[in-house]
Amino acid sequence: MIWQQLANGISVGSVYALISLGLTMVYGILRILHVAHAGIYTLGAYVGLLSFRLVDNFWLSLFAGMVGAAVAGYLVERFLYTPILHLSRIAPLIASIGLFTAMEEAFRIVAGPHTLVYNARVGLGDLAIGSFRLTETQVLILLVSFLILLFLWLFLTRSRMGLAMRACALDLETASSFGVNVSAIIAMNFIIGSLMAGAAGVLIGVYDNQVWPTMGSIPAYKALAIVVLGGLGSIPGTVLASIIVGLSETFFIGVLSIPFPRDAVAFIAMILVLMFRPYGLLGKA
Amino acid sequence: MRKQGLLSLVLAAVAFTMFFVGAPVAAQDTVKIGFFAPITGPAAADGMSAKNAVELGWKEVNDGGGIQGKKVDLIVYDDRLKAEEAVAIASRLMERDKVVGVVSGSYSGPTRVVAPIFQKAGMPMVAGYAVHPDVTWNPNTKTSNDFIFRNGFLGEVEGAAAAEFAVKDLKAKRMSIIFMDNDFGRSISAGFAERAIKLGAEILSKQMYKFPGEKDFRPYLTTIKEGNPDVIFAAGYYNEAASIVRQAKELGIKSQILGEEGFDSPKFLEIAGDAAEGVIIATNLDRDDPRPVVQNFLKNYRSAYGHDADMVGASSYDAFMILVSAIKKAGTDPKAIRKALLETKDYDGLTGKISRFAQGEVVKPVQIQIVKDGQFRRRAIIDNPEIITPPMKK
């Protein structure tokens, strides 16, 4: 049963990673907390669901959800953050929170307050070994997350644009003075982060078989805690922190049977890290 | 042009006067009944269901000649599942609308807040399905709210009935319990556990999950799977219920899932899909009850709204009809209505035959339903008086 709980925890953790990575990448370059990222995640789920109902193919709907989220992420960067970047850091934060609230209300008005069903047949099948069982949706989450993380890693380490992006994260002005097209890099940054959030939205929609207007409200703050836990701006740190939070939530509930609100785990972990390692698990001091 | 403008001004003034002077005159020949439900907001699905069902009952009463020749005027308010909204509605119903009785089609939150207000004002209220004990009971003075009546079951009663069914009918000996962290979840699972232990069953695990917000029940269910119980008693509303049964099926759990009235919604069947098949629930509506009051309601609801009625709608409809029948007997004086409600005996209700009200709590059989071919069907009826008589408070 410990293996089963491990599978439960890593599945949840993988989705946390997909959501949190966009947040940490945006912080890494622009030093702003992109709260509306959770709205992009919800949008991805709705776009995915809508296209699933239109074309009845899960993989196409996953693609549509990712693209929809990426477009939205780009628009947010271009028309919300870029015009106010010269202001103090609190301005984009407030704008971001406002946008997130507005998005939640928009989802409610457009799609209705009710939970919608994302009953997609993925076509992967369960993976059962004895009493251990990786359910179809868990196979899906692990597979998609692994592929996305692999692409992200290859992109950041093997491509010129990835190199430019890492340079921007180190120092925006120096990178700019070496001829890096900073505004293109920032846009790319939002697009990649939003692609992952859109994928997370679709995956959770299928995993829970539910899409609803406020599905982003818990990820909105949990992802912040995860990003801080991993070390603000650190990509490997965020992935590690996500898996740790997913696993500890699952083990608190399932193995230790502590009647504990699971959403508190990320924050307790964050507080502990801030006390003993304020720059996060893999952040730089 | 000018003349025409003057004419419309005069007409408007006449209409205006007629509206305000005319209204009180009209009020005298109608019987006003107040109603509130969470028609928008997070519980909108249940609120709409309650409103639809009560409006159906309202039309039936008026088509049948009203109450003692007077038409019934149903005054509907949306509490948006907010207690503060419900308080405003309570005073509006009494001061402006001058109703003679109130029906709650809402959850415990709004209902328990307005109950002491109506109690103090001597205004009778019948609650459709709100489960909190403090609806009919004042915990500060330790006295019964004797103007307030409840048509739904207390959590303890419904939980005990589910345990009675599990042990005596399903012959289950080993049980696991999973329930939401709210009053209803705690009281119904306590009622279940108490009765199950009394009947000699063993409780393997008892897990409480966060409410609202929990979507991933796999960690809980994985623990339950390890114990391999005969029955899993699960408490939750339709979203949680659907997630629990779906994820249990995904994880290959073979134990019988036994739920409660929170499962009793078309939304549960929709979200859970195939996984709902075979799930058994304890609830407050028997679709296979041959009495005309049940079959006519189910048929009329379906033809009026295009989808099937649920427990929430049926319970609210019943609450409205119970109040109407008391007014028919006693007239429009609130004290006389309350007396008629207290004297309710063998009432032929949509959600079962009500033998009486005890401290405002309904005494009637609990329905056990099973999902067959995507529909709730009769499985058993629990009428053991030891179970269905609510515990008296002192």
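Some notes on this structure:
- Scanning segment B:235-248 turns up no residue that is over 27 Å from B:Ala130 (Cβ atoms) and among the acidic types (Asp, Glu).
- For segment B:20-39, the set of residues classified as of a type outside the set (Asp, Glu) and either modelled with pLDDT under 80 or surrounded by fewer than 15 Cβ atoms within 10 Å (Cβ to Cβ) (or both) consists of B:Phe20, B:Val21, B:Gly22, B:Ala23, B:Pro24, B:Val25, B:Ala26, B:Ala27, B:Gln28, listed by residue number.
Condition check ((1) within 29 Å of A:Asn119 (Cα to Cα); (2) at pLDDT below 95; (3) within 14 Å of chain B (Cβ to nearest Cβ)) across all residues:
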| position | (1), (2), (3) |
| --- | --- |
| A:Asn189 | no, no, no |
| A:Met196 | yes, no, no |
| A:Gly201 | yes, no, yes |
| A:Ser217 | yes, yes, yes |
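- Residue under evaluation B:Phe118, criteria (1) out of contact with any strand residue (DSSP E or B) (no Cβ under 6 Å at 6 or more places or on another chain); (2) free of Cβ contacts under 8 Å to residues at least 40 places away in the same chain, criterion not met: (1)
- Segment A:259-285: number of residues that are over 30 Å from B:Gly185 (Cβ atoms) and not small (Gly, Ala, Ser): 11
- Subset tally (residues that are touching an Asp or Glu at 6+ places or on another chain (Cβ under 7 Å) and at the interface with chain A (Cβ under 10 Å from one of its Cβ atoms)) for segment B:233-273: 1
- The set of residues in segment A:253-270 that are within 8 Å of chain B (Cβ to nearest Cβ) and either small (Gly, Ala, Ser) or surrounded by 20 or more Cβ atoms within 10 Å (Cβ to Cβ) (or both) comprises A:Ile253, A:Gly254, A:Ser257, A:Arg262.
- Residues of segment A:123-154 that turn out to be in a loop (DSSP other than H, G, I, E, B) and modelled with pLDDT of 90 or more, as a count: 1
- Top-ranked residue in segment B:298-341 [being out of contact with any Gly (no Cβ under 7 Å at 6 or more places or on another chain) and among the acidic types (Asp, Glu); ranked as surrounded by the most Cβ atoms within 10 Å (Cβ to Cβ)]: B:Asp310
- B:Ile244 being modelled with pLDDT of 95 or more and aliphatic (A, V, I, L, M): yes
- Tabulated pairs, segment A:1-24, first within 10 Å of chain B (Cβ to nearest Cβ), second surrounded by fewer than 22 Cβ atoms within 10 Å (Cβ to Cβ) and not hydrophobic (A, V, I, L, M, F, W, C), C-beta under 6 angstrom, 6+ apart or interchain: A:Met1/B:Glu226
- Screening A:Leu282 with (1) assigned to a loop (DSSP other than H, G, I, E, B); (2) crowded, with 22+ Cβ neighbours inside 10 Å gives one miss only, at (2).
- Of the residues B:Met208, B:Met175, the single one that is modelled with pLDDT of 95 or more, aliphatic (A, V, I, L, M) and either within 24 Å of A:Val255 (Cα to Cα) or touching a Pro at 6+ places or on another chain (Cβ under 8 Å) (or both) is B:Met175.
- Across segment A:115-131, the qualifying residues are those that are of a type in the set (A, V, I, L, M, F, W, C) and at the interface with chain B (Cβ under 10 Å from one of its Cβ atoms), and the one among them that is farthest from A:Glu104 (Cα to Cα) is A:Ala128.
- Hits in segment A:223-243 (condition: at positive phi and surrounded by 24 or more Cβ atoms within 10 Å (Cβ to Cβ)): A:Gly231
- A:Tyr118, sole failed condition from (1) in a loop (DSSP other than H, G, I, E, B); (2) surrounded by fewer than 20 Cβ atoms within 10 Å (Cβ to Cβ): (2)
- Only a single criterion out of (1) under 30 Å from B:Ile39 (Cα atoms); (2) free of Cβ contacts under 8 Å to residues at least 12 places away in the same chain; (3) in contact with a helix residue (DSSP H, G or I) (Cβ under 9 Å, 6 or more places away or on another chain) is not satisfied by A:Ile109, namely (3).
Yes or no, residue by residue, for (1) in a helix (DSSP H, G or I); (2) of a type in the set (Phe, Trp, Tyr); (3) at pLDDT below 95:
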site: A:Tyr41; (1), (2), (3): yes, yes, no
site: A:Gly44; (1), (2), (3): yes, no, no
site: A:Arg53; (1), (2), (3): yes, no, no
site: A:Trp59; (1), (2), (3): yes, yes, no
site: A:Ala64; (1), (2), (3): yes, no, no
site: A:Ala69; (1), (2), (3): yes, no, no
site: A:Leu80; (1), (2), (3): yes, no, no
site: A:His86; (1), (2), (3): no, no, yes
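The values are calculated or read from the model by the stated rules, or taken from the named source; none is laboratory data. This one's a predicted model, so the numbers in the text were calculated from it and none came from an experiment. Cβ atoms come from the backbone with ideal geometry, glycine included; neighbour counts cover every protein chain shown.
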